[in-house]
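Visitor: Following this message is one structure expressed as C-alpha coordinates.
The values are calculated or read from the model by the stated rules, or taken from the named source; none is laboratory data. Just so it is clear, the model here is predicted, and its values are computed rather than measured. For accessibility, only protein heavy atoms count, side chains too; no ligands or nucleic acids. Shrake-Rupley method; radii C 1.70, N 1.55, O 1.52, S 1.80 Å.
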Amino acid sequence: DAKTTQPPSMDCAEGRAANLPCNHSTISGNEYVYWYRQIHSQGPQYIIHGLKNNETNEMASLIITEDRKSSTLILPHATLRDTAVYYCIVSAISGNTGKLIFGQGTTLQVKP
Amino acid sequence: DAGVTQSPTHLIKTRGQQVTLRCSPKSGHDTVSWYQQALGQGPQFIFQYYEEEERQRGNFPDRFSGHQFPNYSSELNVNALLLGDSALYLCASSLFFGTSGSSTYEQYFGPGTRLTVT
(Lines give C-alpha, C1' and ligand atoms only; values in the text may rest on other atoms or scores of the structure.)
Protein backbone atom coordinates (compact mmCIF):
# COMPACT_ATOMS: atom_id res chain seq x y z
CA ASP A 1 0.00 0.00 0.00
CA ALA A 2 1.20 3.48 -0.83
CA LYS A 3 2.50 5.77 1.89
CA THR A 4 0.76 9.05 2.69
CA THR A 5 2.13 12.32 4.07
CA GLN A 6 0.01 14.74 6.09
CA PRO A 7 0.80 17.86 8.10
CA PRO A 8 0.87 17.01 11.81
CA SER A 9 -1.53 19.75 12.84
CA MET A 10 -3.85 22.45 11.54
CA ASP A 11 -6.15 25.07 12.99
CA CYS A 12 -9.46 26.24 11.59
CA ALA A 13 -11.96 28.87 12.72
CA GLU A 14 -15.43 27.63 13.53
CA GLY A 15 -17.79 28.09 10.57
CA ARG A 16 -14.98 28.27 8.05
CA ALA A 17 -13.96 25.56 5.62
CA ALA A 18 -11.23 23.20 6.77
CA ASN A 19 -8.96 21.98 3.98
CA LEU A 20 -6.79 19.02 4.94
CA PRO A 21 -4.08 18.03 2.43
CA CYS A 22 -2.58 14.62 1.83
CA ASN A 23 0.28 13.56 -0.42
CA HIS A 24 0.33 10.04 -1.86
CA SER A 25 2.81 10.30 -4.71
CA THR A 26 3.37 6.52 -5.00
CA ILE A 27 -0.31 5.63 -5.30
CA SER A 28 -1.10 2.77 -7.69
CA GLY A 29 -3.91 2.65 -10.21
CA ASN A 30 -5.99 0.23 -8.14
CA GLU A 31 -5.64 2.12 -4.86
CA TYR A 32 -8.39 4.24 -3.35
CA VAL A 33 -7.94 7.24 -1.09
CA TYR A 34 -9.81 6.94 2.21
CA TRP A 35 -10.30 9.46 4.96
CA TYR A 36 -11.09 8.53 8.52
CA ARG A 37 -11.17 10.66 11.63
CA GLN A 38 -10.76 9.86 15.28
CA ILE A 39 -12.30 12.03 17.92
CA HIS A 40 -10.55 11.79 21.25
CA SER A 41 -11.07 8.46 23.03
CA GLN A 42 -13.30 7.06 20.29
CA GLY A 43 -12.74 4.58 17.47
CA PRO A 44 -11.96 5.95 14.00
CA GLN A 45 -14.91 7.01 11.88
CA TYR A 46 -15.14 6.64 8.11
CA ILE A 47 -15.60 9.96 6.30
CA ILE A 48 -15.25 9.47 2.56
CA HIS A 49 -13.28 7.66 -0.13
CA GLY A 50 -12.51 8.08 -3.83
CA LEU A 51 -10.55 6.65 -6.73
CA LYS A 52 -10.00 9.50 -9.17
CA ASN A 53 -13.14 11.60 -9.30
CA ASN A 54 -14.06 14.19 -6.74
CA GLU A 55 -16.54 12.93 -4.19
CA THR A 56 -19.00 14.59 -1.85
CA ASN A 57 -21.20 13.27 0.92
CA GLU A 58 -23.03 14.72 3.87
CA MET A 59 -19.84 15.01 5.89
CA ALA A 60 -17.19 16.25 3.49
CA SER A 61 -15.82 16.63 -0.01
CA LEU A 62 -12.76 14.87 -1.39
CA ILE A 63 -10.76 16.52 -4.13
CA ILE A 64 -8.20 14.27 -5.88
CA THR A 65 -5.68 15.79 -8.28
CA GLU A 66 -5.67 14.59 -11.85
CA ASP A 67 -2.39 12.74 -11.39
CA ARG A 68 -3.80 11.24 -8.17
CA LYS A 69 -0.64 12.09 -6.27
CA SER A 70 -2.41 14.25 -3.73
CA SER A 71 -5.84 14.94 -2.35
CA THR A 72 -7.66 17.39 -0.10
CA LEU A 73 -10.43 16.69 2.36
CA ILE A 74 -12.78 19.63 2.74
CA LEU A 75 -15.08 20.13 5.71
CA PRO A 76 -17.23 22.98 4.36
CA HIS A 77 -18.35 24.53 7.65
CA ALA A 78 -16.19 23.27 10.49
CA THR A 79 -17.71 23.03 13.95
CA LEU A 80 -16.07 22.45 17.32
CA ARG A 81 -17.19 18.82 17.07
CA ASP A 82 -14.95 18.38 14.04
CA THR A 83 -11.87 18.69 16.24
CA ALA A 84 -10.16 15.33 15.73
CA VAL A 85 -7.23 13.49 14.19
CA TYR A 86 -7.82 13.02 10.45
CA TYR A 87 -6.18 10.09 8.69
CA CYS A 88 -5.59 9.86 4.95
CA ILE A 89 -5.18 6.23 3.88
CA VAL A 90 -4.42 4.65 0.53
CA SER A 91 -5.57 1.08 0.11
CA ALA A 92 -6.08 -1.33 -2.74
CA ILE A 93 -9.33 -3.12 -3.36
CA SER A 94 -8.40 -6.70 -4.08
CA GLY A 95 -10.30 -9.62 -2.69
CA ASN A 96 -10.84 -8.72 0.90
CA THR A 97 -7.57 -7.02 1.75
CA GLY A 98 -9.46 -4.50 3.85
CA LYS A 99 -6.33 -3.69 5.84
CA LEU A 100 -6.06 -0.01 6.64
CA ILE A 101 -2.59 1.41 7.20
CA PHE A 102 -2.87 4.46 9.42
CA GLY A 103 -0.13 7.06 9.58
CA GLN A 104 0.17 9.81 12.17
CA GLY A 105 -2.67 11.83 10.70
CA THR A 106 -3.43 15.54 11.00
CA THR A 107 -4.74 16.91 14.28
CA LEU A 108 -7.37 19.47 13.35
CA GLN A 109 -8.22 21.99 16.03
CA VAL A 110 -11.39 23.97 15.34
CA LYS A 111 -11.38 27.18 17.33
CA PRO A 112 -14.35 29.39 18.27
CA ASP B 1 -29.15 -0.96 14.67
CA ALA B 2 -26.31 -1.75 17.06
CA GLY B 3 -22.89 -0.69 15.95
CA VAL B 4 -19.65 -2.45 16.80
CA THR B 5 -19.41 -3.30 20.47
CA GLN B 6 -16.32 -4.27 22.43
CA SER B 7 -15.77 -5.59 25.92
CA PRO B 8 -14.42 -4.85 28.37
CA THR B 9 -13.89 -1.09 28.04
CA HIS B 10 -10.89 -1.06 30.34
CA LEU B 11 -8.58 -3.77 31.61
CA ILE B 12 -5.51 -3.87 33.82
CA LYS B 13 -3.20 -6.87 33.65
CA THR B 14 0.23 -7.82 34.96
CA ARG B 15 3.23 -8.70 32.81
CA GLY B 16 3.20 -12.36 31.78
CA GLN B 17 -0.56 -12.74 32.07
CA GLN B 18 -2.95 -13.54 29.27
CA VAL B 19 -5.91 -11.44 28.12
CA THR B 20 -8.98 -11.96 25.94
CA LEU B 21 -10.82 -9.08 24.31
CA ARG B 22 -14.19 -9.43 22.64
CA CYS B 23 -15.91 -7.80 19.70
CA SER B 24 -19.39 -7.99 18.19
CA PRO B 25 -19.59 -6.65 14.65
CA LYS B 26 -22.20 -4.31 13.25
CA SER B 27 -25.37 -6.10 12.25
CA GLY B 28 -25.01 -7.62 8.79
CA HIS B 29 -21.21 -7.52 8.75
CA ASP B 30 -19.20 -10.71 8.42
CA THR B 31 -15.58 -9.55 8.62
CA VAL B 32 -13.72 -8.42 11.72
CA SER B 33 -10.35 -6.69 11.89
CA TRP B 34 -8.32 -5.90 14.98
CA TYR B 35 -6.03 -2.92 15.46
CA GLN B 36 -3.65 -1.83 18.21
CA GLN B 37 -3.27 1.87 18.93
CA ALA B 38 -0.45 2.99 21.18
CA LEU B 39 -0.72 6.39 22.82
CA GLY B 40 -0.14 9.17 20.30
CA GLN B 41 0.09 6.80 17.33
CA GLY B 42 -2.27 5.74 14.57
CA PRO B 43 -3.92 2.33 14.76
CA GLN B 44 -1.79 -0.62 13.62
CA PHE B 45 -3.41 -3.60 11.87
CA ILE B 46 -3.13 -6.86 13.79
CA PHE B 47 -5.23 -9.31 11.76
CA GLN B 48 -8.53 -9.88 10.02
CA TYR B 49 -11.05 -12.70 10.28
CA TYR B 50 -13.61 -13.88 7.77
CA GLU B 51 -15.45 -17.20 7.71
CA GLU B 52 -13.81 -18.07 11.01
CA GLU B 53 -10.34 -17.96 9.48
CA GLU B 54 -7.49 -15.51 9.79
CA ARG B 55 -7.29 -13.94 6.32
CA GLN B 56 -4.55 -11.42 6.74
CA ARG B 57 -2.04 -10.58 9.44
CA GLY B 58 0.02 -7.54 10.27
CA ASN B 59 3.49 -7.47 11.80
CA PHE B 60 2.57 -8.85 15.21
CA PRO B 61 4.11 -11.84 17.04
CA ASP B 62 2.37 -15.15 17.56
CA ARG B 63 1.50 -14.06 21.10
CA PHE B 64 -1.40 -12.32 19.40
CA SER B 65 -4.06 -14.73 18.25
CA GLY B 66 -7.71 -14.54 17.46
CA HIS B 67 -10.87 -16.37 16.77
CA GLN B 68 -14.11 -15.74 14.94
CA PHE B 69 -17.31 -17.46 15.88
CA PRO B 70 -20.18 -18.59 13.61
CA ASN B 71 -22.17 -15.49 14.62
CA TYR B 72 -19.25 -13.38 13.29
CA SER B 73 -18.19 -12.12 16.72
CA SER B 74 -14.50 -12.28 17.44
CA GLU B 75 -11.94 -12.55 20.21
CA LEU B 76 -8.40 -11.25 20.42
CA ASN B 77 -6.06 -13.13 22.71
CA VAL B 78 -2.68 -11.89 23.85
CA ASN B 79 -0.37 -14.22 25.77
CA ALA B 80 2.67 -13.43 27.91
CA LEU B 81 1.78 -9.76 28.18
CA LEU B 82 4.55 -7.19 27.93
CA LEU B 83 4.51 -3.60 29.14
CA GLY B 84 4.60 -2.57 25.48
CA ASP B 85 1.26 -4.25 24.88
CA SER B 86 -0.43 -1.42 26.75
CA ALA B 87 -2.64 0.23 24.17
CA LEU B 88 -6.15 0.82 22.90
CA TYR B 89 -7.35 -2.26 21.03
CA LEU B 90 -9.85 -1.49 18.31
CA CYS B 91 -12.17 -3.82 16.51
CA ALA B 92 -13.56 -2.93 13.09
CA SER B 93 -16.24 -4.72 11.11
CA SER B 94 -17.03 -4.69 7.43
CA LEU B 95 -18.61 -6.72 4.65
CA PHE B 96 -16.55 -9.16 2.68
CA PHE B 97 -15.93 -7.54 -0.66
CA GLY B 98 -17.36 -10.42 -2.64
CA THR B 99 -20.79 -10.13 -1.07
CA SER B 100 -20.98 -6.39 -0.62
CA GLY B 101 -21.11 -5.65 -4.31
CA SER B 102 -19.36 -2.44 -3.41
CA SER B 103 -15.94 -0.94 -3.99
CA THR B 104 -15.78 0.40 -0.48
CA TYR B 105 -13.99 -1.00 2.49
CA GLU B 106 -15.83 1.30 4.81
CA GLN B 107 -15.02 -0.14 8.19
CA TYR B 108 -16.97 0.54 11.33
CA PHE B 109 -14.87 0.78 14.44
CA GLY B 110 -15.88 0.03 17.99
CA PRO B 111 -14.96 2.26 20.92
CA GLY B 112 -12.01 0.07 21.81
CA THR B 113 -10.66 -1.68 24.89
CA ARG B 114 -8.02 0.18 26.87
CA LEU B 115 -5.46 -2.40 28.08
CA THR B 116 -2.91 -1.40 30.69
CA VAL B 117 -0.10 -3.82 31.50
CA THR B 118 1.75 -3.20 34.76
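Visitor: Return an integer: the convex hull volume of the alpha-carbon atoms of the protein assembly as shown, in Å³ per residue.
Guide: Values: hull volume 28.5 nm³, N = 230.
It is 124 Å³ per residue.
Visitor: Relative contact order of the stretch A:19-112: what whole-number percent is it, with Cα pairs under 8 angstrom and at least 6 residues apart? Kindly include the intermediate steps, with their values, before the conclusion.
Guide: Numbers: 190 pairs, mean separation 28.7, N = 94.
So the answer I get is 31 percent.
Visitor: Continuing with the same structure: Give the lysines whose C-alpha is closer than 30 Å to that of A:Lys52, dropping any in the same chain fewer than 8 places away, or say none.
Guide: A:Lys3, A:Lys69, A:Lys99, B:Lys26
Visitor: Long-range amide H contacts for A:Thr107: which residues qualify at under 5 Å (H placed 1.01 Å from N, peptide plane, sequence gap of 5 or more or a different chain)?
Guide: The list, which skips near neighbours in sequence, is A:Ser9, A:Met10, A:Tyr86.
Visitor: Let me check something: with ligands and nucleic acids excluded, how do A:His49, B:His67 order by accessible area (1.4 Å probe), largest to smallest? Write out the running numbers ahead of the final one.
Guide: Details: A:His49 35, B:His67 80 Å².
Per-residue accessible area, sorted high to low, gives B:His67, A:His49.
Visitor: What's the total accessible area buried between chains A and B, using a 1.4 Å probe, rounded to the nearest 100 Å²? Before the final figure, lay out each step's value.
Guide: Details: alone 6490 and 6420 Å², together 11010 Å².
Interface between A and B: roughly 1900 Å².
Visitor: Not counting ligands, DNA or RNA, and with a 1.4 Å probe, what is A:Thr5's accessible surface area in Å² rounded to the nearest 10?
Guide: Solvent-accessible area, nearest 10 Å²: 80 Å².
Visitor: Kindly state, as a whole number, the per residue volume in cubic angstrom of the convex hull around the alpha carbon atoms of chain B.
Guide: Per-residue hull volume (Cα only) is 101 Å³.
Visitor: Over chain B, what is the relative contact order in percent, taking alpha-carbon pairs closer than 8 angstrom and at least six residues apart?
Guide: 36 percent
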